[in-house]
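First the structure, in the form of structure tokens, and then the observations on it.
Here, each number is a calculation from the coordinates, and none is a lab measurement. Predicted, not measured: the structure shown is a model, and the values here were computed from it. Positions of Cβ are backbone-derived with ideal geometry, glycine not excepted, and every protein chain shown enters the neighbour counts.
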Amino acid sequence: MVTMPELSIEPMLATDVRDVLRIERASFTTQWPADAFYTELTTNKVAHYYVGRLGDEVVAYGGIWVILEDSHVTTVAVDPARRGQRLGERMMAHLIAEATQRGAAWITLEVRESNVIAQRLYRKYGFTTVTVRKGYYTDNDENALVMWAGNLRGALYQHRFSAQRAMLA
């Protein structure tokens with residue numbers, strides 16, 4: 001049996017942005033600038049961002065917007081040196097739980113058409129592809145799949161989500 005590292009997920013603070021940017025640069029060909037994260041943390045009232053820590057080290061982060069019953073995953077990333085430890089899955093499960101707790105009934109996100117690993121994770125948590133945004137990513141004109149999961153507060157989804165989280169623990 002593989003022992004999973006203990007990941008602590010906490011609200012992102014302005015002091016975490018430097019570490020988040022390190023992961024951002026290592027993970028994406030086009031990155032959010034520091035001021036975008038600061039704006040999300042200080043100005044955007046519907047934004048909720050989190051960091052995942054192993055000890056004192058920030059190894060993952062993620063964010064959602066929750067607007068009434070709708071939620072949108074804005075970003076999720078794991079330090080490339082820490083991938084394959086299910087840290088991204090733990091962050092994603094945390095984001096879904098937060099969205100639900102904050103009243104969301106639906107959750108959506110965009111993912112690169114080529115990112116089959118992320119798509120597999122999202123499907124595991126009930127997301128389905130609803131449309132394609134042609135040329136969405138400006139670095140290479142790649143399409144984005146728009147994925148969506150609904151009825152987050154319903155008994156069927158909650159049962160599935162609880163089972164996934166139990167296996168994750």
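The figures follow:
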read-out	value
Trypsin sites (Lys or Arg not before Pro), loop per DSSP, at most 10 other Cβ atoms within 10 Å - longest free stretch of the chain	46-133
Structure-derived percent of Cα pairs over 26 Å apart: which label, when the choices are [x] 30; [y] 22; [z] 26	[z]
Options ILE64, PRO33, GLN164, ranked by Cα towards positive dipole end of segment 8-168, top entry (Cβ charges)	GLN164
Cleavage-rule hits, GluC sites (Glu not before Pro), segment 1-57, DSSP coil, Cβ neighbours within 10 Å at most 16	GLU6
Kyte-Doolittle mean at least -1.0, axial Cα span of 30 Å or more - DSSP H helices of the chain	none
About the Cα centre, charge dipole magnitude for the chain (Lys/Arg +1, Asp/Glu -1 at Cβ), debye	580 debye
GNM result for the chain, Cα springs below 10 Å: residue of VAL76, VAL59, VAL130 fluctuating most strongly	VAL130
For the chain, built as a Gaussian network whose Cα springs stay under 10 Å, the top-fluctuating residue of ALA36, ALA104, ALA149	ALA36
Chymotrypsin sites (Phe, Trp or Tyr not before Pro) lying in DSSP loop within segment 77-129, provided at most 11 other Cβ fall within 10 Å	none
